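Working notes, structure below.
The values are calculated or read from the model by the stated rules, or taken from the named source; none is laboratory data. Owing to the predicted nature of the structure, the values given are computational and were not obtained by experimental measurement. Neighbour counts run over all protein chains shown; Cβ positions are idealised from the backbone, glycine included.
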Amino acid sequence: MQANIEAITNYFKSGIKDAKDPVRLGMELEHILVTEHMEAVPYSDEHGSRWLLEQFLEDLPEATYGEEGALIGASGPGAALTLEPAAQFEISAGPYEYANEVRPELERFERKAAALLNPHGQRLITLGYHPTARVDDLELIPKRRYQYMDDHFQAIGRYGRCMMRGSAATQISIDYYSEKDCLRKMRIASALAPAFALLCDNSPVFEGEIRTHQLVRTKIWRECDPARCGLVPGIMEPDFSFEKYAAYVLGTPAIFGIDENGKPFATEQTFGELYQNHDMQVADVEHALSLFFNDVRLKTYIEIRSADSMPTPFVAAYVALIKGLFYSSESLDALDETIGSATQEDVEQAKTDLMDAGYDALLYGIPAGEFIDNLFDLARKALSATEASCLAPLAQLAASRKTLATMGERKAR
C-alpha cells in the first residue's frame with residue numbers, strides 16, 4: 001500500500017514546473033456531431049465521427065485505434081482529436097502561453113470540419129448536452145473500457161451513462177510550481193467550480209426535454225458516481241496532501257484493470273486491492289487517474305472540469321479568465337480571502353443554490369452575479385490588454401445575468 005501511495009505521489013511531483021517557465025494552459029473542447037435536424041450521428045455512420053477523424057489524418061497523422069482496431073483518435077504537433085464514449089468529437093490543443101492564441105486555432109479546426117460535413121447535411125455543435133437524443137439512443141464507440149464503465153454506471157443509476165453518452169465539456173489545464181502551489185490552486189478551483197458551472201452553463205435540454213433546473217452538468221456529475229466525482233475528499237482542508245490524494249485513489253473501486261497484455265478486464269476491486277501485489281508503474285497510475293471525474297482533477301497538471309462545451313469565442317474567454325485567476329499571485333491571494341474558510345459542505349451548498357436560483361443565488365454570502373463580476377475584475381488586472389480583450393464574450397454574458405443555456409431554452413421551447 002505504501003509503495004503505491006509513493007508511486008502516485010511521485011507521479012504528482014513529476015508534474016511540478018519551474019516558476020520561471022512560460023505560462024502554459026491546455027484546452028479540451030468536446031463537440032457533438034448532429035444532422036441538420038439536430039439528430040444524433042453514430043460513430044459507424046457513413047459520415048460519422050470515424051469518417052471525420054479519417055479526414056484529419058493528413059494534418060494529424062498519428063492515429064490511435066481501439067482494441068477492435070477501430071479508429072478513435074488522431075494527433076500531431078500541438079493538437080489531438082479524440083472520441084469520447086458516444087463519439088463526442090474532442091479537440092485538445094496547446095499548451096498556450098497566451099489566451100488570444102486559442103480562438104484562431106479552434107476556428108481553423110471548425111472551418112475544416114464544417115467544409116467536410118456541410119455537404120453531407122451534418123455539423124459539429126458545442127452544447128453541454130445532446131440537444132435531441134436520450135442516453136439509450138446514443139451508441140458507444142468500439143472501445144472496451146467504455147462498455148465496462150457503462151455497465152458500472154448503469155448499476156449505480158442513470159446519471160453516469162448520461163455523463164458518458166450525452167454530455168460535452170470544456171476543460172482547462174494549468175501548471176503548478178510546488179505541492180503547496182498545486183493544492184492551493186486545487187482548493188481555489190474547487191471552491192470556484194460552482195461559479196464556473198454557472199458562468200459556462202450551456203445545457204438547455206436534458207434527455208430530449210427542456211431542463212427543469214439550471215446547471216445540468218452539475219447535477220449529472222453530482223449523481224454520476226460519488227466515489228469518483230464532485231470534490232476530491234479533503235481538498236478544502238489545510239492539511240490536505242499528495243499522500244492523502246493518493247490514498248483516496250487507492251481506496252476507490254477500479255471499475256476495470258489492464259492485464260499484462262494491455263487488455264482491459266472488469267473488476268469490483270479497489271485500486272489498492274488491484275495493485276496490492278505489485279508496485280504501480282506510471283501507466284498504472286495514469287490508468288487509475290483517468291477513472292476519476294472530479295470537478296478539479298490532478299494528473300501532472302490540474303484539470304478544471306466544471307464548464308459545458310461552448311462556442312469558440314466563449315472558450316477563448318474562459319481560457320483567459322483561468323489564466324488571469326490562476327497565474328497571478330495577486331489574484332490567488334484575493335481569491336483566498338474571498339473564499340475564506342469555505343468547506344466541502346459550503347461548496348456543495350453553493351452548487352445546490354445555483355442549480356435552484358442561478359444568478360439570483362448567493363455564492364459564499366455574495367450575490368452570484370457580483371461574485372462572478374469580481375472574478376473578471378481580477379483577471380483583467382492580471383492580463384495584458386490583448387488577452388483581457390478575450391474576456392468580453394463571457395464577461396458581457398455574465399453582466400447580463402444570463403447564460404448560454406437560458407438563451408437556448410427560449411429557442412428550444
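Remarks
- Selection from the stretch 267-294 of residues that are free of Cβ contacts under 8 Å to residues at least 40 places away in the same chain, touching a strand residue (DSSP E or B) at 6+ places or on another chain (Cβ under 6 Å) and either surrounded by fewer than 19 Cβ atoms within 10 Å (Cβ to Cβ) or part of a strand (DSSP E or B) (or both): Thr267, Thr270
- Taking the conditions (1) over 24 Å from Phe314 (Cβ atoms); (2) touching a residue at least 60 places away in the same chain (Cβ under 8 Å) in turn, Arg217 satisfies each one other than (1).
- Hits in the stretch 214-237 (condition: modelled with pLDDT under 95 and surrounded by fewer than 17 Cβ atoms within 10 Å (Cβ to Cβ)): Pro226, Ala227
- Matching option when the condition is over 30 Å from Arg380 (Cβ atoms), in contact (Cβ under 8 Å) with a residue 12 or more places away in the chain, aliphatic (A, V, I, L, M) and surrounded by 19 or more Cβ atoms within 10 Å (Cβ to Cβ), among Leu71, Leu57: Leu71
- Looking at the stretch 301-413, the helices (runs of 4 or more DSSP H) lying wholly inside it that each contain 3 or more residues that are under 18 Å from Thr170 (Cα atoms) sit at 312-326, 392-399, 404-412.
- Residue match in the stretch 301-320 (condition: over 23 Å from Ser203 (Cα atoms), in contact with a strand residue (DSSP E or B) (Cβ under 6 Å, 6 or more places away or on another chain) and modelled with pLDDT of 95 or more): yes
- Test: Leu183 is more than 16 Å from the chain's Cα centre (by Cα) and not in a helix (DSSP H, G or I): no
- Annotation note: Cβ proximity below 6 Å between a residue of the stretch 312-338 that is crowded, with 24+ Cβ neighbours inside 10 Å and a residue that is of a type in the set (Lys, Arg) and part of a helix (DSSP H, G or I) (sequence gap 6+ or interchain) occurs for Ala316/Arg103; Phe326/Lys185.
- Whichever residue in the stretch 35-54 is out of contact with any strand residue (DSSP E or B) (no Cβ under 6 Å at 6 or more places or on another chain) and not in a loop (DSSP other than H, G, I, E, B) and, among such residues, is surrounded by the most Cβ atoms within 10 Å (Cβ to Cβ): Leu52
- Residues that are farther than 16 Å from Phe376 by Cα and either in contact with a Lys or Arg (Cβ under 8 Å, 6 or more places away or on another chain) or basic (Lys, Arg) (or both), drawn from the stretch 392-411: Ala405, Glu409, Arg410, Lys411
- Enumeration of residues in the stretch 96-133 that are more than 19 Å from Pro393 (Cβ to Cβ) and either modelled with pLDDT under 95 or of a type in the set (Val, Ile, Thr) (or both): Thr132
- The stretch 153-179, subset more than 20 Å from the chain's Cα centre (by Cα) and in a helix (DSSP H, G or I), residue farthest from Glu268 (Cα to Cα): Glu179
- Inter-residue pairs, beta-carbon under 6 Å, first of a type in the set (Asp, Glu) and in the stretch 162-190, second not in a loop (DSSP other than H, G, I, E, B), 6+ apart: Glu179/Phe242
- Lys219 basic (Lys, Arg) and closer than 23 Å to Lys299 by Cβ: no
- The C-beta contact set for the stretch 348-361 (first residue within 15 Å of Val216 (Cα to Cα) and among the basic types (Lys, Arg), second residue at pLDDT 95 or above and in a helix (DSSP H, G or I), distance under 6 angstrom, 6+ apart or interchain) comprises Lys351/Pro194; Lys351/Thr218.
- Those residues of the stretch 200-233 which are assigned to a loop (DSSP other than H, G, I, E, B), of a type in the set (A, V, I, L, M) and closer than 16 Å to Arg158 by Cα, in sequence order: Ala227
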